[in-house]
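S.K.: Below: one structure in structure tokens.
The values are calculated or read from the model by the stated rules, or taken from the named source; none is laboratory data. The structure presented is a predicted model; accordingly, all values stated were derived computationally and were not measured. Glycine gets a Cβ as well: all are built from the backbone with ideal geometry, and neighbour counts include every protein chain shown.
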Amino acid sequence: MLIFTVLAIPCIIWALKVDKRKKRMLADEIDQAKTEYESALKANDKVKALALGRIYYSLLRRGALTIYDEQAIANDLSTIDNKKNGKI
């Protein structure tokens, strides 16, 4: 039993560190995707913004876009049209 405990504790600590590192990497990836998405919106590039918006929201949802995500992207893209027409 003592051998199991001696071996298990370092393994658990290692697994927790790896999990924390993966979460940090995902958070960094989400931040980068958000920045790129917002840049495309500011540049009034609808095609690029649509693609980057889908990437950003899929990262937030761990791969599965929802209808609400698609609506949020559509709302953001509509602001591009409104800016071009002078409505905003």
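S.K.: List every residue pair whose Cβ atoms lie under 6 Å apart, where the two residues are 6 or more positions apart in sequence or sit on different chains, the first residue falls within segment 36-64 and is within 16 Å of Ile80 (Cβ to Cβ), and the second residue, located anywhere, is among the acidic types (Asp, Glu).
M.R.: Matching pairs, first to second residue: Leu41/Asp76; Leu52/Glu36.
S.K.: Something else: Of Ala43, Ala15, Ala72, which residue is within 16 Å of the chain's Cα centre (by Cα) and either at pLDDT 90 or above or aliphatic (A, V, I, L, M) (or both)? Explain how you work it out, then say what you get.
M.R.: Values: Ala43 fails: within 16 Å of the chain's Cα centre (by Cα); Ala15 fails: within 16 Å of the chain's Cα centre (by Cα).
Exactly one residue qualifies, and that residue is Ala72.
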